[in-house]
Amino acid sequence: KSLAKNRLCGPNLCFLAPAIGGPRVAPPTAPQLLEAMDFMRWFAKDEEVRSRGREPAAWVSQYAQIRDPAGPSNRSTPNNSTPSSTRASSPSGSVSPRCDHQTLQLSPNSLSSTRSLREYRSLGNRELWRWLWLDFSRPVQSTASKRLKRKLSNCNLEATAQEVQQRELRAIREEPVGLSLLPPIGEGSPLAGIFTLVSSAMGAGCLSLPFMFKQSGIILGLLLLFAGAVLAHLSLVVLMCCARYTDSGSMAHLVSLAGGSSRGGRAVDVVIAIYGIAAVLCYMMFIGDFFGGIVRSPFLGWDVPRETLIICIAAVVVWPLSLPRSLTALRYVCVLSVVSICITAVVVAFKTPEQQSLGFEEASGSGTQAPDDWELRWWNSDPRCALQSFSIAIFAFAAHTNAVPVATSLKRADGRSIWCVSFYSVCIEFIFYALMGLGGYLSFRGLTKQDFILNYSNDDLVIFVVRCVYGVVVCLGAPINLSPCASSILGLLSQGGERTRLQQLHPLVVTLVVVGCVCIAIWNEQVADVIGLIGSSCGTLIVLAWPSMIYRRVLFDLHPPRLAKGVYALLRCAALMGFAAFSVQAYSAWQGKLSA
């Protein structure tokens with residue numbers, strides 16, 4: 001009765017109001033009856049356990065539920081956010097799809113009882129990871145942190161209500177069989193978010209991973225790849241939860257929120273524009289590598305220079321497809337890219353024993369290969385090689401430009417869903433990266449090139465097919481990255497009403513970017529050096545530096561002190577390491593060009 005008077009049961013339970021002296025309402029529906037039964041079962045169990053002097057187990061699912069005793073008008077004060085351990089919402093009650101329903105009110109008696117039940121340390125990691133290990137009893141001053149507390153609580157309550165409804169429905173429905181056991185892959189589902197992040201990260205840049213193992217060695221390479229996966233997962237969780245629970249629709253808005261000014265948003269636009277140009281440059285370099293092997297293979301037998309291939313394909317394919325502002329017809333290329341990378345990883349692992357046997361024969365004296373080139377490197381203590389490898393590893397997991405759209409599109413946006421989407425996407429990437437990197441390095445060892453596909457013979461039919469499939473991916477991947485990059489450049493140049501007029505310059509900007517990337521791709525063939533520089537500069541900002549700023553501003557005060565300092569120090573130190581890698585690589589590249 002006390003809970004009902006304080007409106008702790010959702011609108012589907014309002015038909016209980018006449019039983020406690022409230023106004024009469026319409027007769028209950030079947031879902032309302034099911035919810036009332038669940039509510040009564042929970043309430044009876046909670047009262048039974050409470051009477052025996054023990055804490056109820058039911059409050060774990062309602063941990064950190066935010067309530068405002070003074071009403072919504074005073075929600076901004078720190079004392080208004082009071083965690084509740086009682087059943088404060090019905091299983092399918094008053095939670096909107098965006099998790100921003102009005103906060104409810106508690107009586108003083110209810111507040112005193114919830115404080116006695118609320119204890120952060122009494123929960124294990126299995127329960128706390130649903131709440132991203134946030135301690136809702138810690139006082140916060142930031143408006144963004146208060147908003148995050150309220151919306152995370154509401155989203156988790158909505159997810160709990162959906163789970164209760166699904167259990168009730170499973171009790172009356174037939175047991176699913178066959179493909180119906182699989183989770184849905186529709187828009188806004190966790191599987192759709194996982195696939196979006198995987199397709200964003202698994203680009204042509206992963207072809208330099210075998211070279212990364214050559215530079216650092218097997219053990220150090222695996223450690224750096226694992227470190228890149230952990231850092232990418234942490235920063236993805238930070239970006240996704242802050243974007244969803246602070247109502248931020250873009251990376252620029254998040255950085256502005258962390259920096260406290262609008263200049264951060266402009267900086268994000270600049271970095272993303274540079275990042276897009278660098279991606280187009282890498283695709284141009286891969287066009288020369290892939291199509292060079294295709295035309296020189298015995299199946300075609302054409303002798304066409306690399307420079308001619310880059311110019312012709314850029315003029316015939318890349319430039320015309322980049323002129324339209326909308327590239328909806330190419331939206332399925334990301335599917336082809338992921339499939340081709342997975343096929344490449346499997347083919348590389350399958351052909352590793354064959355390539356090793358050929359390498360052993362040549363190293364034993366029957367070929368022209370030096371024996372030192374076939375020595376297996378386990379650890380390289382050269383700091384410059386380690387820093388370059390770290391940059392390549394960071395670039396390989398950089399899916400963060402799509403983190404905000406994925407978070408805002410999730411239909412079920414509780415803490416567990418956000419954590420799982422980030423975790424599973426990074427795990428999938430790590431498995432295929434390790435398979436491709438180790439397989440490519442073990443196949444060629446000291447002879448591994450920066451684009452290891454060039455190490456394979458041109459007369460290999462399987463590799464010929466892989467090159468053809470990947471050639472289509474790089475030809476269509478360049479326009480996908482170039483068109484939005486040109487739009488970002490025009491957005492930076494526009495001011496107020498000039499944006500519509502400057503859109504007419506879109507073809508000119510596209511042409512200038514294509515010409516510049518073609519010239520650099522012809523001048524430089526070292527794609528791993530370009531990936532290392534971009535990964536240590538733009539990649540460090542997007543994956544490490546900005547997430548650390550956002551974490552310090554929004555989430556730092558909500559975590560326990562040790563955990564908060566550890567996460568912040570990890571992201572900050574990794575960002576400093578990335579900037580150091582950029583400085584070392586830029587200096588080495590400058591010295592190399594001067595000596596040449």
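The values are calculated or read from the model by the stated rules, or taken from the named source; none is laboratory data. All figures in this text were calculated on a predicted structure; none of them were measured in a lab. Ideal geometry is used to build each Cβ from the backbone, glycine not excepted, and the neighbour counts take in all protein chains shown. Remember, those area values only see protein heavy atoms, side chains included, never the ligands or the DNA or RNA. Shrake-Rupley method; radii C 1.70, N 1.55, O 1.52, S 1.80 Å.
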- Of the residues that make up segment 349-359, is at least one in a helix (DSSP H, G or I), touching a Lys or Arg at 6+ places or on another chain (Cβ under 8 Å) and modelled with pLDDT under 85? yes
- ASN154 fails exactly one of the following numbered conditions: (1) closer than 30 Å to PHE444 by Cβ; (2) touching a His at 6+ places or on another chain (Cβ under 8 Å); (3) modelled with pLDDT under 85. What is the number of that condition? (1)
- Task: Out of the residues in segment 309-348 that are at pLDDT 85 or above and of a type outside the set (Val, Ile, Thr), state the one that is nearest to VAL462 (Cα to Cα).
- Result: ALA345
- Item | Options MET212, MET251: the member that is of a type in the set (A, V, I, L, M), at pLDDT below 85 and under 27 Å from ILE542 (Cβ atoms) | MET251
- Query: Does ALA227 satisfy the condition of being at pLDDT 90 or above and surrounded by fewer than 23 Cβ atoms within 10 Å (Cβ to Cβ)?
  - Reply: yes
- Message: Scan segment 202-220 and tell me whether some residue there is hydrophobic (A, V, I, L, M, F, W, C), in contact (Cβ under 8 Å) with a residue 12 or more places away in the chain and farther than 30 Å from TRP378 by Cα.
- Response: no
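Conditions (1) touching a Cys at 6+ places or on another chain (Cβ under 9 Å); (2) hydrophobic (A, V, I, L, M, F, W, C); (3) in contact (Cβ under 8 Å) with a residue 60 or more places away in the chain, marked per residue:
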site: GLY265; (1), (2), (3): no, no, no
site: GLY288; (1), (2), (3): no, no, yes
site: PRO305; (1), (2), (3): no, no, no
site: ILE311; (1), (2), (3): no, yes, yes
site: VAL318; (1), (2), (3): yes, yes, yes
site: LEU321; (1), (2), (3): yes, yes, yes
- Item | Residue count, segment 423-469 (criterion: within 31 Å of the chain's Cα centre (by Cα) and open to solvent by 20 Å² or more (accessible area, probe 1.4 Å)) | 16
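Matching residues to (1) open to solvent by 10 Å² or more (accessible area, probe 1.4 Å); (2) modelled with pLDDT under 80; (3) under 26 Å from VAL335 (Cα atoms):
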site	(1), (2), (3)
GLN165	yes, yes, no
LEU169	yes, yes, no
PRO184	yes, yes, yes
GLU187	yes, yes, yes
ALA192	yes, no, yes
GLY217	no, no, no
LEU220	yes, no, no
HIS233	yes, no, yes
- Message: With the structure loaded, tell me whether PHE291 is modelled with pLDDT under 85 and either closer than 15 Å to VAL473 by Cβ or of a type in the set (Phe, Trp, Tyr) (or both) or whether it fails that test.
- Response: no
- Task: Using the structure shown, decide if ASP247 is in a helix (DSSP H, G or I) and either in contact with a strand residue (DSSP E or B) (Cβ under 6 Å, 6 or more places away or on another chain) or among the charged types (D, E, K, R) (or both).
- Result: no
- Task: Please go through segment 128-159 and pick out each residue that is open to solvent by 20 Å² or more (accessible area, probe 1.4 Å), in contact with a Phe, Trp or Tyr (Cβ under 7 Å, 6 or more places away or on another chain) and over 14 Å from LEU555 (Cβ atoms).
- Result: TRP129, SER137
- Query: So how many residues does segment 392-422 have that are of a type in the set (S, T, N, Q) and open to solvent by 30 Å² or more (accessible area, probe 1.4 Å)?
  - Reply: 4
- In segment 235-255, the residues that are open to solvent by 30 Å² or more (accessible area, probe 1.4 Å) and more than 16 Å from the chain's Cα centre (by Cα): ASP247, HIS253
